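The values are calculated or read from the model by the stated rules, or taken from the named source; none is laboratory data. What you are looking at is a predicted structure, and each value in this text was computed from that prediction instead of being measured. Cβ placement follows ideal geometry from the backbone for every residue including glycine, while neighbour counts extend to all protein chains displayed. Just so you know, the surface numbers come from the protein's heavy atoms only, side chains and all, with ligands and any DNA or RNA stripped out. Shrake-Rupley method; radii C 1.70, N 1.55, O 1.52, S 1.80 Å.
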Amino acid sequence: MHISILLMEQIIQLFLMIFMGFLIVKAKLLKAEDSKILSVIVLYLIVPCVIINAFQVDYTKDTVQGLLIALAASVLTQIVLLIVISVFGKLIHLNEVEVASIYYSNSGNLIVPIVTFILGKEWVLYGCVFMSVQLVFIWTHCKKIISREPSYDWRKIVLNINMISIAIGIVLFLTRIHLPEDINSTLSAVGSMIGPASMIVTGMLFAGMDFKQIFANKRVYFVSFLRLIIIPVIALFLIKCSQLSTFSSNGNKLMLIVFLAIITPSASTVTQMCQVYGNDSQYASAINVVTTLFAIITMPAMVMLFQMVV
């Protein structure tokens, strides 16, 4: 119950950040389309800083074991969920924005502040494992369907700044190289902006929408139900059946971190990619806002369910 209350408080704070972005546009200080600049900053500057900084921890046997367990859980859940959503999407005719919004969680923006707030900064690394795995899918599967490109450009994927950041982070960790304090502090400071910046983008987009059209769209609620209820339940089943929590004394905490990453609202990265690649960013933003609003209730409820099952 304690974790559920902390979660609710954290999500409310993020929703207030969305409101700030909304006010900036309504006050006519900026236009809704100006959020595209901030989206580029988040995708290509802030996220890489988060990734590299997260891997700046001491190399120990327990840390490596925890990373491998978190990696196994992250890969298992994301591959199975992608297959399930792809099949289900074809059956009920989900469009590319809906598929991406249901599959991709807002772990990149929420897992760092939530894990830090609930478990402590030393556990953020394991949340970044999930983020890193998801980034691979984001810059392959998500980019392909949102941009409607006919095939993968592997050169662009491998040379993407986020993928390079993952590689740098892993190399630094494995070679036990710690960056100078000034650099590390800078990365940490820039990375700490990920939650506010992403939520402000969502709020700015939301301000440019027709509210009546958004909340009258029953499809948004259906997508939100799949993102916040069905996906977490499937993920919990996978985590329970995998028995990965039994491989470490901290197994339950590691599985909780992976589960927290999965049960977050739809990814604001989907909105940002829709902006960058010319897809329906307003619809993606509407889904992000509605799922964020409902997550105030669903995330604490899902954590309670996790504690009863795992």
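Heavy-atom accessible area per residue, the chain, 1.4 Å probe: how many Å²?
Values: 13770 Å² over 310 residues.
It amounts to 44 Å² per residue over the chain.
Which helices, taking whole DSSP H runs in the chain, have alpha carbons extending 24 angstrom or more along the helix axis plus mean Kyte-Doolittle at least 1.0? Before the final figure, lay out the partial values.
Details: long enough: 2-26 (36 Å, 1.82); 61-92 (46 Å, 1.76); 281-309 (37 Å, 1.42).
In the chain, the long hydrophobic H runs are 2-26, 61-92, 281-309.
Just report the Cα centroid separation between the stretch 183-259 and the stretch 286-301, whole Å.
Each part reduced to its Cα centre gives a spacing of 9 Å.
Report the full-extension gain for the segment VAL75 to LEU16: residue separation times 0.36 nm, less the Cα-Cα distance, to one decimal in nm.
Working: separation 59, 0.36 × 59 = 21.24 nm, distance 3.23 nm.
In short, 18.0 nm is gained.
Based on Cα positions only, what radius of gyration and what Dmax would you give for the stretch 6-63, in angstroms?
Computed over the Cα atoms of the stretch 6-63, radius of gyration and Dmax are 16.9, 54 Å.
Quick one: if you stick a label point 7 Å off each Cα along the C-beta vector at LEU45 and PHE88, how many nm between them?
About 3.7 nm, to one decimal.
Would you mind working out the magnitude of the charge dipole of the chain relative to its Cα centre, with +1 at each Lys and Arg C-beta and -1 at each Asp and Glu C-beta, to the nearest 20 Debye? Provide the component values of the computation, followed by the final result.
Details: 19 positive and 14 negative charges, 110 e Å.
That gives the chain a dipole magnitude of about 540 debye.
Quick one: pull the percent of accessible area on the chain belonging to carbon and sulfur, 1.4 Å probe, ligands and nucleic acids left out.
Details: 9480 of 13770 Å².
Summing carbon and sulfur atoms, their accessible area is 69 percent of the total for the chain.
For the stretch 155-310, would you read off the P(r) tail past 21 Å as a percentage of all alpha carbon pairs?
Numbers: 7418 of 12090 pairs.
More than 21 Å apart: 61 percent of the Cα pairs in the stretch 155-310.
With all protein chains present, calculate the accessible area of TYR44 using a 1.4 Å probe and round the result to the nearest 10 Å².
The value for TYR44 is about 80 Å².
With Rg and the Kirkwood Rh both taken from Cα atoms, where does Rg over Rh land for the stretch 243-310?
Details: Rg = 15.7 Å, Rh = 13.7 Å.
The Rg/Rh ratio comes out at 1.15.
Percent of Cα-Cα pairs more than 17 Å apart in the stretch 1-108, please. Write out the running numbers ahead of the final one.
Working: 4353 of 5778 pairs.
Cα-Cα pairs of the stretch 1-108 separated by over 17 Å account for 75 percent.
What's the center-to-center distance, using Cα atoms, between the stretch 111-178 and the stretch 1-72 in Å?
Cα centroid of the stretch 111-178 versus Cα centroid of the stretch 1-72: 13 Å apart.
State the extension gain, in nm to one decimal, for the chain segment bounded by ASP58 and LEU305, taking 0.36 nm per residue of separation less the distance between their alpha-carbons.
Values: separation 247, 0.36 × 247 = 88.92 nm, distance 3.30 nm.
85.6 nm is the gain from fully extending ASP58 to LEU305.
Suppose only helical runs count, i.e. DSSP H with n ≥ 4. What mean residue ellipticity at 222 nm does that imply for the chain under -39500 (n - 2.57) per run, divided by all residues and rounded to the nearest 500 deg cm²/dmol? Each step should come with its number before you reach the end.
Values: 18 runs with 231 residues, N = 310.
So the helix-based figure for the chain works out to -23500 deg cm²/dmol.
For the cross-link pairs LYS61/LYS121; LYS121/LYS144; LYS61/LYS253; LYS90/LYS240; LYS90/LYS143; LYS90/LYS144, which exceed 26 Å when the distance is taken from alpha carbon to alpha carbon? Present the calculation step by step, with values, prior to reporting the outcome.
On the way: LYS61/LYS121 19 Å; LYS121/LYS144 34 Å; LYS61/LYS253 17 Å; LYS90/LYS240 28 Å; LYS90/LYS143 19 Å; LYS90/LYS144 17 Å.
Beyond 26 Å: LYS121/LYS144; LYS90/LYS240.
Would you work out the Kirkwood radius for the stretch 61-153? I mean one over the mean of 1/r across all pairs of different Cα atoms, in Å.
Working: mean 1/r = 0.0690 Å⁻¹.
After inverting the pairwise mean of 1/r, the radius is 14.5 Å.
Could you order HIS93, HIS141, HIS178 so the one with the most accessible surface comes first? Probe is 1.4 Å. Mind showing how you got there, number by number?
Working: HIS93 145, HIS141 30, HIS178 100 Å².
Highest to lowest solvent-accessible surface, that is HIS93, HIS178, HIS141.
Please compute the alpha carbon radius of gyration of the stretch 145-186, then divide it by the globular-protein estimate 2.2 N^0.38 Å. Two decimals is fine.
Working: Rg = 15.1 Å, N = 42, 2.2 N^0.38 = 9.1 Å.
Ratio of Cα Rg to 2.2 N^0.38 Å: 1.65.
Regarding the stretch 193-263, what's the average projected area of the Cα-atom convex hull, expressed in nm²?
Working: hull surface 25.6 nm².
Over every viewing direction, the Cα hull of the stretch 193-263 projects on average to 6.4 nm².
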